[in-house]
Each structure stands twice: as C-alpha cells, then as structure tokens.
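In what follows, a single structure is set out as structure tokens and then discussed.
The values are calculated or read from the model by the stated rules, or taken from the named source; none is laboratory data. These numbers come from a predicted model, not from an experiment. Glycine also receives a Cβ, built like all others from the backbone with ideal geometry; neighbour counts cover every protein chain displayed. We work out accessible area using only protein heavy atoms, side chains counted, and drop any ligands, DNA or RNA first. Shrake-Rupley method; radii C 1.70, N 1.55, O 1.52, S 1.80 Å.
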Amino acid sequence: MLTYKNRNTFLQRLHPVSGLTIILLYLLIFISVNNPIYLLLAALSVVFLAYIDGCMQEILKYGKLIFPFALLIIILNPLMVHNGNTVLYEGHINFPVIGAIRITMEAVMFGILSGIRVIFVTIIFGFGNLIIHPDRMFAFFLKYVKKSALLMSMTLRLFPAIMQSYKNIVDAERLRGSKLFDKKFINKAKSYGNVVNILFLSSLEDSAEMAESMYSRGYGMKLKRTSYFYEKLSFWDVVILIYAICIYIYIIYFLKQGLNRFEFYPTVDNPLRNISYHGILICLLLYIPSLLNWGWKVWK
Amino acid sequence: MEVINIQDVTYWYPDCNNRAIEDINLKINEGELVLITGPSGCGKSTLIRLINRVIPDYYGGKIKGNVYLNGRDIVSLKMDEIIKNVGMVYQHPEKQIILQDVEREIAFGLENLGFDVNKMKRNVCEVISLLALNFVKNRQTTELSGGEKQRVAIASVVSMNPEIILFDEPISQLDPIGAEEVINSIKKLNRDFGKTILLVEQRLDKCFDIADRIIFMEKGKIIAEGTPNKIPKEIKSRYHLPNITYIFNQAGENFLPVNVKQAREAIKDRTFSKPDIVKKSFNESILEVEKLSFEYEKGLRTLRNINFQLHKGEILCVMGENGAGKSTLFKIIAGLIKDYTGNILISGKNIKKFDIFETIKKIGYLSQNPNDYFGRKTVFEEVSYTLKNIDEFNEKRVKDVLRLFDIDHLKEKNPRDLSGGEKQRVALACTLVADPQILILDEPTRGMDAVAKENLGEIIKKLASQGKSIVLITHDVDFAADYVDTVLIMFGGEVVARGYKDDILCDAIYYSPQISKVFKNKCKVTDSKNAINLILKSKYKDAGEQNEA
C-alpha cells in the first residue's frame with residue numbers, strides 16, 4: 001500500500017537523479033508559488049502525470065491521508081489569526097489563548113491556501129515514493145550522502161510495515177476501550193497519542209534489531225562500498241534533466257521579477273488579477289513530462 | 001579441525017550485575033552442525049553472538065575469557081575478517097531485510113565488504129540457485145512469505161561465503177511450511193557445502209535429529225552435551241527435548257526416539273489398549289455464526305458461508321494455511337471488521353447491536369504481537385488500562401489477574417523490558433482483565449519455549465474450567481493437541497472440518513500432531529499425557545506377558 005511497486009513505466013525507468021529532479025521541481029513550485037491558480041494548474045499536471053504513469057489512485061490516497069491535518073489548518077488559521085480588513089464575524093467573548101474571535105476573509109483564504117499547499121506537498125512526496133525505486137536511490141546516493149541515503153531508503157521500505165503496525169495497534173487499542181472514535185476531540189487526540197507512542201516504541205525496538213543485522217553483514221565497515229548495479233543516464237534522462245534545468249532557471253527568473261506577488265494581508269488580492277503570461281507558461285511547461293510519458297507509452 | 005574455541009567466557013550486559021553467560025567452554029569442529037537449546041533467557045543467543053564479536057563490540061558490556069576463530073584470538077581480528085568467516089541469520093525475517101529487491105538484498109553484505117561487481121554477480125547467482133530462490137528473485141521482499149524472507153536472509157549471508165553460519169532461532173516465527181523450507185536449507189548448507197553451523201532453536205521437533213551435536217544450556221551455563229542418539233541422562237526438561245523424546249523419557253523408556261520414524265520403530269511390536277478419551281460435552285452455546293461471508297475487495301471473497309457454534313467452556317482450535325481467512329473471521333467476531341454478511345450471535349444477541357463496551361465485556365482478542373499493547377510505563381498500569389477505559393477500574397481485580405498469570409512480581413516493570421513469554425502473559429492479562437466470556441488468541445505460542453507454552457496451556461485450561469470459551473488460532477498442532485477440545489480447519493475462506501480434536505486430528509494428513517503420526521494404525525491418540533500413559537501401560541503389559549511366559 002502506497003509504496004513503490006514495479007510497474008515498468010517511463011518514470012520508474014528513469015535514473016534516480018532524474019526522478020528526484022522532477023519531484024524537487026514540483027516541491028519548489030508548491031512551496032514558493034503563492035497564486036492559487038498557478039498552484040492548482042501545477043497540481044493538475046501532477047495528477048495528469050500520475051494518471052499516465054498508472055498511479056493516480058495511489059497519489060490521491062496520499063492526499064486523503066493528509067486531508068484531516070489540512071482541514072485542521074484551514075479551521076485553526078482563521079481562529080488564531082485576526083489580521084485582515086474584510087471581517088466576516090466578530091465575537092465579544094474573550095477566550096483564553098485565542099482572545100475574542102475575529103474571523104476575516106484574508107485569514108480564511110490564507111488557511112485554505114496553506115491547507116491545499118500541505119496536501120500538494122504530501123502528494124508530491126507520495127508521487128516520488130511511487131516512481132523512484134528506493135534501492136536504486138539508496139545505491140546511488142550512498143556514494144555521496146552515506147547515512148542519509150540509508151535512512152531515506154529504509155524509511156521508504158519500512159513505510160508499509162509501519163502502516164500495518166499502526167493498524168494492528170489501533171485494533172488492539174479499540175478492543176481495550178480506547179476512545180479513538182470518541183466525539184470529544186480531547187479524548188480522541190489523547191487516544192491517538194497513545195497509538196503514536198506505541199508505534200514509536202515498537203519502531204525503535206525494531207530498528208535496533210535491524211541495525212544489528214546490518215552490522216553483522218559489515219555495513220559501515222569499509223570506507224568504500226561497492227555497488228551491485230550501476231546506474232547510467234539514458235537518453236530520456238538527459239532530456240528530463242535539460243528540461244528540468246530550463247524550468248528551474250525560468251522559475252528563478254519568475255520569482256526574481258516579482259511575478260509571484262500575491263498578498264493576503266491586509267486585503268487579499270484577486271488571484272485572476274495577478275496572473276502573468278510567464279506564470280501561465282511555467283504551468284503549461286509542467287505538462288511536458290506527461291506528454292513524454294504518454295509518447296513513451298504509445299511508441300515504446 | 002577446530003574452528004571455534006570458546007574458553008572460560010563470562011559476559012555481563014551493560015548496566016547489569018547478573019552474568020548473561022558464565023564459564024562457557026565450547027569447541028566446534030569444522031563442518032559440524034551444532035544445536036544449542038535451552039529455555040528462554042538461558043544465554044543461547046548471547047553465546048552465539050560472541051562468535052562474530054557482535055558481543056561485546058555492538059552490545060557493549062563486560063567480557064571475561066577468550067574466543068578463538070580458526071586458532072586466532074577474535075580480539076586480534078579485524079571486523080571484516082570476522083564477517084567474511086562468520087555469518088549470522090536472525091529470528092525475525094522482517095527485521096533483517098534492508099532492501100526492497102531480492103537480488104539487491106542478497107548482494108547487500110558483498111557491497112559492504114567492497115567486492116567487485118563480477119564476484120558479486122557470480123555469488124548472488126550461485127546462492128539464488130543453491131537456495132532455490134529463482135522464482136522469487138524478481139519479486140520485492142515485502143511480497144514474500146515468512147519462509148521465503150528467511151531464505152532470502154540466509155542467501156544474503158551465504159553470498160559472502162562464510163565458513164561458519166550462526167542461526168538465532170530462524171524458524172521460531174514461521175508457519176510449519178516456512179519452517180520446513182528453512183530447515184531444509186540449513187541441512188543442505190551443512191551436508192552438501194560443508195558449512196559449520198551453530199543453530200539456536202526452541203522448536204526442537206523440526207531440527208533435533210539433524211544435529212551432529214547438541215549443547216544443553218540453562219541459567220547461562222552449558223549443563224550437558226550430547227548427540228541425537230545419545231542424550232545425557234540428566235536431560236529431562238521439556239525445553240531441552242523434542243516432544244516425542246520427552247514423552248518416551250517421561251514414560252521411562254531406555255531408547256529415546258528423536259523423530260516420528262524412530263518412535264514408530266520403537267513401538268512397532270507393541271500393542272496398545274484403547275486410550276481413555278473423555279469427550280467433554282457442551283450444552284450452552286455462547287457464540288453462533290450463521291452464513292457469514294466477507295470480501296476485502298469486491299469479487300475477492302475472503303470468507304464464504306461460515307457456520308459454527310462455540311460453547312461455554314469449550315477450547316476451540318482454528319487451523320488452516322496462511323490466507324485461509326482465520327484471522328479475518330475472528331476479527332469480524334471481535335467487532336474489528338463490520339461490513340460482512342450473515343449473523344453473529346453472542347448469547348443470542350446479534351453483535352451488530354453491541355457497542356464497543358459490550359463487545360469488550362463479551363470478547364477478548366489477543367493479536368499476534370504483544371508489543372501492539374504496550375505503551376504504558378508499568379505492567380500494573382498496562383493491565384489497568386482497559387478497566388480505566390471502560391470506567392470499571394478495580395485494583396483488586398487487576399491484582400487477581402496479575403496473580404493468575406504469575407506476573408504480580410513484575411507489576412512495577414516496564415512491559416517492554418520483559419521476556420517473550422512474560423510479554424505474552426501480560427498481553428493476555430490485559431485482555432482478560434475485562435472478564436470477557438470469549439477469549440480469542442491469535443498465534444499465542446509463537447516464539448515461546450516449551451515451558452512458557454505449558455504454562456499458557458494450563459492457564460487456558462483453567463479459564464475454560466471457569467466457564468470461559470477459548471478460541472486458539474494457531475499453526476502449532478502439537479500444542480493444540482495437548483490442550484484443546486475441538487478443532488475447526490479452514491481452507492480458502494471456508495470451514496472444511498469441525499469436530500472433536502481426536503476425530504479431526506487423528507484422521508488428518510497434514511494437520512496431525514506428531515503423537516498421532518507415531519501411534520497411527522495402532523490407536524487414536526493426540527495429546528502427550530495420553531501418549532505417556534499408553535507407553536507406560538504397554539511396557540507393563542509386555543513385561544507381564546514375558547513373566548507369564
């Protein structure tokens with residue numbers, strides 16, 4: 001579930017560096033771009049790319065997984081942030097921590113955009129998980145960033161095991177009367193805290209056993225580790241890398257020129273008014289990998 | 001030629017005053033297959049970790065004495081020299097596999113040791129053929145069965161071509177088929193390839209007869225040595241012997257068989273009276289399952305038209321291959337899965353009408369991994385947790401349950417610091433503290449030694465005598481045969497057999513305990529106690545006939 005499975009697709013056959021470059025490109029866009037229209041266009045291009053690659057359902061599951069957290073951001077932001085000129089509601093009772101409630105259109109919009117951004121970032125991480133083979137990535141990056149590569153690879157491999165463990169713990173807690181499905185948020189949060197605590201302790205114990213197994217097979221013993229498979233750049237890797245470098249440069253130009261301007265406070269900007277030709281062009285260029293993927297699929 | 005020599009070794013784990021092993025002296029010859037056995041916590045695993053210097057290098061602690069590898073003091077060797085000579089396979093298949101591809105996983109150790117690509121390719125390809133892993137080599141390690149994973153772990157070690165391979169309970173977590181596959185691989189490595197093997201194991205029925213030599217340990221010390229056909233007289237404990245050997249030993253026999261074939265040979269000329277089998281009669285039905293069907297995915301039916309009843313005081317064993325639907329069936333009954341069709345009635349009431357608190361009072365479900373339960377700081381808090389959740393906390397009740405499972409002396413300890421058997425008992429106490437009418441135990445004997453199993457069996461019997469109904473989902477046929485009343489066999493989501501254990505297990509081809517196989521065509525017997533009585537009686541009968549003659 002939600003992990004790399006061999007599907008022998010265009011993106012999966014790419015060199016790990018090329019796969020990672022695409023993912024980082026999207027990450028850059030989802031983190032730096034402010035106009036919701038650009039963000040939606042970029043997200044649509046990811047969904048389209050995943051559709052052609054045959055993993056659309058999986059990436060949407062990632063979105064579903066993070067949705068409650070995004071919802072929390074959407075709800076909390078207007079309650080906590082009182083800035084903004086367009087007041088939608090103003091209360092008179094002083095609550096502890098948050099003070100008197102003052103909900104503004106700007107805070108609502110900022111909350112929505114932040115929630116959407118969290119969903120998109122999660123989706124793109126999930127997409128990376130589905131298109132980059134963790135072992136290939138581990139073998140390649142091990143030469144440069146030894147321990148981090150191992151950590152990254154093992155995290156990806158252990159994800160299904162952790163998910164299974166999470167399910168089992170939730171089942172055990174339910175059968176012990178834990179208030180996981182209680183109507184009160186506090187009870188629910190406390191119960192899920194217990195689940196996370198058990199999951200953390202179990203994962204820690206498991207990792208100690210795994211580390212011993214690695215140690216007894218000589219991991220970290222030699223300074224130079226050899227590689228069973230050699231990764232070579234293919235023609236399509238070169239195409240993707242050149243494409244990505246061009247887009248990176250274009251995005252930097254776009255940001256430097258101030259075309260990313262979109263203000264929420266004191267009054268939220270109209271996203272349609274802030275649209276620029278360069279922004280639209282960048283978004284359209286993001287559909288090129290989808291076209292390459294489609295072309296490869298048709299003519300392979 | 002002697003390849004391992006352990007001289008006067010005593011070891012203390014860090015921050016621990018007790019000796020984990022004490023005054024160990026052991027010599028292992030080249031090409032030997034040595035089995036090390038003993039109860040949980042006796043120091044078996046610690047002992048073999050001395051040989052690849054994981055103890056003390058990885059664990060720390062204090063060590064006294066010397067370990068020699070091929071005549072050289074292990075302290076003077078570089079770690080990569082040790083690793084090239086000594087490989088180690090661990091207990092849990094999931095926790096020793098690092099990578100996702102089978103082929104890459106097998107090459108992991110070779111990459112670490114800096115082998116060149118050609119050598120790696122050759123070793124990997126040879127090991128894949130040697131361990132018959134061709135059919136899984138293109139699959140991902142997450143998709144493999146337990147037995148396949150364990151064989152991949154063995155392959156990953158064998159690819160480095162070590163002369164000595166250490167196995168730390170390699171079959172304890174596997175089902176019978178997986179265990180058989182792994183034991184066959186170990187035999188092959190020793191017999192056909194001359195590898196020196198040290199095997200630590202508690203499931204002795206599977207491996208006792210393949211050993212050249214057996215080391216018996218207790219409380220950190222080697223108490224005796226023997227061979228399968230020459231077991232020292234002082235070795236009588238259940239955890240030191242395979243079940244069949246233990247039975248013949250208890251019956252006072254001079255010849256101690258170590259497998260079914262030898263046992264059948266030993267009794268071939270004897271006649272046996274009909275065993276005293278008392279079939280418990282059950283009156284009050286507590287659980288009724290009617291026309292139960294379930295599918296995880298549309299069109300993929302996991303359970304089909306299941307019908308059965310469970311009675312008050314009944315101990316039911318549920319067996320079947322992996323994926324037969326056993327755990328799914330009882331997760332539905334425990335209220336963890338909802339969207340099924342059919343009816344499940346407990347004491348005449350449909351479980352769909354129960355809220356979670358009612359379910360907890362009716363059904364206790366113990367999952368396979370006790371660690372899934374432990375998040376509190378002490379055993380006492382852990383056992384109290386369920387009662388606090390259902391607002392029925394009662395200190396006396398918690399203490400009673402702790403006493404019942406003989407864990408009251410552990411009440412201030414962290415449950416995660418306990419041994420496997422103790423953890424299982426704490427998890428069981430957590431389940432039973434709510435006083436459910438039905439107790440469902442999913443693979444409760446996995447990883448337990450013979451004594452822990454015996455204790456669990458006695459607890460189960462005691463609970464049944466108090467009117468609890470127990471469901472045991474297990475692959476451990478021999479354990480089930482000793483303690484259960486009835487058996488249900490599942491296959492492909494259907495119930496294919498249901499009845500009293502003697503009727504089902506004696507006629508079974510595969511799901512038959514070793515005892516039944518020994519007495520096959522002579523008399524119907526499934527449990528150890530009856531088997532001991534039968535052998536004893538037949539011995540006296542034979543002696544009487546000889547006197548008369």
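Among what's in segment A:191-217 and is among the polar types (S, T, N, Q) and within 7 Å of another protein chain (Cβ to nearest Cβ), pick the residue that is nearest to the chain's Cα centre (by Cα).
Step one: filter segment A:191-217 for residues among the polar types (S, T, N, Q), giving A:191, A:194, A:197, A:202-203, A:207, A:213, A:216.
Checking the rest, the ones that are also within 7 Å of another protein chain (Cβ to nearest Cβ) come to A:194, A:197, A:202, A:213, A:216.
On the way: A:ASN194: 25, A:ASN197: 24, A:SER202: 25, A:SER213: 31, A:SER216: 35 Å.
Among those that are among the polar types (S, T, N, Q) and within 7 Å of another protein chain (Cβ to nearest Cβ), it is A:ASN197.
Can you find, within segment B:294-333, the residue that is farthest from the other protein chains (Cβ to nearest Cβ) among those that are more than 20 Å from B:LEU439 (Cβ to Cβ), in a loop (DSSP other than H, G, I, E, B) and open to solvent by 50 Å² or more (accessible area, probe 1.4 Å)?
Result: B:GLU321.
Can you pull out the residues in segment B:162-174 that are touching a Gly at 6+ places or on another chain (Cβ under 9 Å), in a loop (DSSP other than H, G, I, E, B) and within 13 Å of chain A (Cβ to nearest Cβ)?
From segment B:162-174, those touching a Gly at 6+ places or on another chain (Cβ under 9 Å) are B:162-166, B:169, B:171-174; that's our starting set.
Filter again for in a loop (DSSP other than H, G, I, E, B), leaving B:162-163, B:169, B:171-174.
Residues satisfying the conditions are B:PRO162, B:GLU169, B:GLN173.
Considering each residue of segment B:509-523, count those that are surrounded by 18 or more Cβ atoms within 10 Å (Cβ to Cβ) and out of contact with any Phe, Trp or Tyr (no Cβ under 8 Å at 6 or more places or on another chain), and give that number. Write out each step before concluding.
Start the filter on segment B:509-523 by keeping residues that are surrounded by 18 or more Cβ atoms within 10 Å (Cβ to Cβ), which leaves B:511-516, B:518-519, B:523.
Of the ones still in play, those that are also out of contact with any Phe, Trp or Tyr (no Cβ under 8 Å at 6 or more places or on another chain) are B:511-516, B:518.
Of the residues in segment B:509-523, 7 are surrounded by 18 or more Cβ atoms within 10 Å (Cβ to Cβ) and out of contact with any Phe, Trp or Tyr (no Cβ under 8 Å at 6 or more places or on another chain).
Every residue in segment B:1-55 that is in a helix (DSSP H, G or I) and in contact with a strand residue (DSSP E or B) (Cβ under 6 Å, 6 or more places away or on another chain), please. If you could, list the steps in order and put the result at the bottom.
If we filter segment B:1-55 for residues that are in a helix (DSSP H, G or I), which is where we start, we get B:44-49, B:54-55.
If the condition is that a residue be in a helix (DSSP H, G or I) and in contact with a strand residue (DSSP E or B) (Cβ under 6 Å, 6 or more places away or on another chain), then B:LYS44, B:SER45, B:THR46, B:LEU47, B:ILE48 are the ones that fit.
Which members of segment B:337-380 meet the condition of being farther than 29 Å from B:ASP417 by Cα, open to solvent by less than 20 Å² (accessible area, probe 1.4 Å) and within 11 Å of another protein chain (Cβ to nearest Cβ)?
Passing the criteria: only B:THR359.
Just to verify a result, which residue in segment A:157-194, among those that are more than 30 Å from A:ASP135 (Cβ to Cβ), aromatic (Phe, Trp, Tyr) and part of a helix (DSSP H, G or I), is modelled with the highest pLDDT? Show your work before the answer.
Within segment A:157-194, the first condition is being more than 30 Å from A:ASP135 (Cβ to Cβ), and the residues that meet it are A:171-194.
Then drop every residue that is not aromatic (Phe, Trp, Tyr), which leaves A:181, A:185, A:192.
Now narrow it down to the ones that are part of a helix (DSSP H, G or I): A:185, A:192.
Working: A:PHE185: 78, A:TYR192: 87.
Only one residue tops the list, namely A:TYR192.
Of everything in segment B:115-139 that's at the interface with another protein chain (Cβ under 9 Å from one of its Cβ atoms) and modelled with pLDDT of 90 or more, which residue is farthest from B:LYS149 (Cα to Cα)?
B:ASP116
Return the pairs, sorted by first residue and then second, in which the second residue is of a type in the set (Phe, Trp, Tyr) and open to solvent by less than 10 Å² (accessible area, probe 1.4 Å), the first residue lies in segment A:1-29 and is away from chain B (no Cβ under 13 Å), the beta carbons are less than 7 Å apart, and the residues are 6+ apart or on different chains.
A:ILE23/A:PHE127
Looking at segment A:219-239, I want the residues that are loosely packed, with under 15 Cβ neighbours inside 10 Å and have a partner that is in a helix (DSSP H, G or I) and of a type outside the set (Phe, Trp, Tyr) with Cβ atoms under 6 Å, at least 6 apart or on another chain. Which pairs are those?
Short answer, once both residue conditions are applied: none.
Against the definition (more than 24 Å from the chain's Cα centre (by Cα), part of a loop (DSSP other than H, G, I, E, B), on the phi > 0 side of the Ramachandran plot and within 14 Å of chain B (Cβ to nearest Cβ)), how does A:GLY220 come out, yes or no?
Working: more than 24 Å from the chain's Cα centre (by Cα): yes; part of a loop (DSSP other than H, G, I, E, B): yes; on the phi > 0 side of the Ramachandran plot: yes; within 14 Å of chain B (Cβ to nearest Cβ): yes.
So A:GLY220 passes the test.
Taking segment B:50-65, which residues are within 18 Å of B:GLN7 (Cβ to Cβ) and facing another protein chain (nearest Cβ under 9 Å)?
Within segment B:50-65, B:ASN52 is the sole residue that qualifies.
Could you say which residue among A:VAL46, A:VAL81 is modelled with pLDDT of 90 or more and under 18 Å from A:ILE116 (Cβ atoms)? Give the steps one after another, and end with the answer.
Numbers: A:VAL81 fails: modelled with pLDDT of 90 or more.
Unique residue meeting the criteria: A:VAL46.
Take B:ILE489 and tell me if it is surrounded by fewer than 24 Cβ atoms within 10 Å (Cβ to Cβ) and not basic (Lys, Arg).
Values: surrounded by fewer than 24 Cβ atoms within 10 Å (Cβ to Cβ): yes; not basic (Lys, Arg): yes.
Spelling it out, B:ILE489 is indeed surrounded by fewer than 24 Cβ atoms within 10 Å (Cβ to Cβ) and not basic (Lys, Arg).
Find the residue count for segment B:129-161, including only residues that are open to solvent by 10 Å² or more (accessible area, probe 1.4 Å), assigned to a helix (DSSP H, G or I), more than 23 Å from A:GLU212 (Cβ to Cβ) and not acidic (Asp, Glu).
Looking only at that region, the number is 4.
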